[in-house]
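Structure record follows, encoded as structure tokens.
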Amino acid sequence: MSKKQDIKIIITFILIGVMLFSIVGYKAYNDFFKNNSPTKKLVSLDLYGYSLKERDTSLYKSNFKDLERILNEKPINYEEYAKSASKLFIIDLFTLSNKLTGTDIGGLEFIHKDLKDNFKENMGDTLYKNVKSNIEGKRTQVLPEVASIDVTNVFNTKYTYNKNEYDAYIVSLEWTYTKENDYEKSIKLTLIKDNDILYIVKGE
């Protein structure tokens with residue numbers, strides 16, 4: 001066998017080895033990222049479109065358990081549902097410390113589908129405007145995290161949305177942060193009942 005043939009064989013084996021190593025390494029990386037990703041879902045309430053993620057705060061996780069319990073009871077207590085969904089919306093929206101980028105807007109699961117795009121754009125231009133990327137996990141920026149939240153008032157009413165009248169709930173909330181800041185600390189939300197699911201359609 002000539003030296004040229006020997007070299008070709010060696011190069012071929014090297015290339016095959018590199019390819020195999022790349023494939024195995026890529027699969028291992030994907031498996032690691034999938035299992036350790038901050039966006040990994042822990043629980044999904046598919047019927048309602050709600051999910052609990054690895055990166056969610058302990059406050060969000062405990063309140064999500066409350067929502068899960070409420071939705072598993074028959075019949076559903078919609079006033080309790082409205083209170084729980086409102087709390088989760090605020091916790092997720094105003095906790096910026098666990099968001100990966102400025103486009104990683106919290107609370108979208110609870111917003112009516114017709115309003116999601118505008119809501120996401122508005123929040124990206126205001127509340128989330130200065131959130132730096134944390135995709136590589138190296139962010140040092142201090143960002144707000146909701147520490148506690150309370151419903152101060154809730155009542156059942158009727159609300160006209162897109163020319164249709166719905167059963168609705170108006171929920172007033174107040175909350176605190178882990179560190180004092182100038183972010184919003186109270187709000188009044190309007191939720192409508194559409195096909196047995198509650199959606200936020202207004203905040204003031």
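Taking all protein chains together, Ile135, Ile90 sort by accessible area into Ile135, Ile90, largest first [probe 1.4 Å].
Would you work out what percent of the accessible area of segment 41-176, with all protein chains in place, is carbon or sulfur (probe 1.4 Å)? Numbers along the way, then the final one.
Numbers: 3300 of 7300 Å².
Heavy-atom surface of segment 41-176 belonging to carbon and sulfur, 1.4 Å probe: 45 percent.
The separation of segment 150-204 from segment 48-102, counted between C-alpha centres, amounts to 14 Å.
Averaged over its residues, segment 46-204 has an accessible area of 54 Å² per residue, based on protein heavy atoms and a 1.4 Å probe. With the simple spin-label model, which puts each label point 7 Å out from Cα in the Cβ direction, the Ser58 to Thr157 separation comes to 3.7 nm.
Hey, which of these cross-link pairs are over 25 Å Cα-Cα: Lys74/Lys116; Lys41/Lys158; Lys132/Lys185; Lys41/Lys185; Lys132/Lys193; Lys40/Lys99? Where the Cα-Cα span goes over 25 Å, the pairs concerned are Lys74/Lys116; Lys41/Lys158; Lys41/Lys185; Lys132/Lys193. The Cβ shell under 12 Å around Asp56 holds other residues with a net charge of +3, Lys and Arg each +1, Asp and Glu each -1. In this simple spin-label model, placing a label point 7 Å from the Cα along the Cα-to-Cβ direction at both Lys132 and Leu100 gives a separation of 1.9 nm. Peptide packing for 160-169, 101-110, 62-71 was compared via the average number of neighbouring C-beta atoms within 10 Å per residue; ordered from the highest value, the list is 101-110, 62-71, 160-169.
The values are calculated or read from the model by the stated rules, or taken from the named source; none is laboratory data. These numbers come from a predicted model, not from an experiment. No Cβ is skipped: glycine too gets one built from the backbone with ideal geometry, and neighbour counts run over all protein chains shown. Surface accessibility is based on the protein's heavy atoms, side chains included, excluding ligands, DNA and RNA. Shrake-Rupley method; radii C 1.70, N 1.55, O 1.52, S 1.80 Å.
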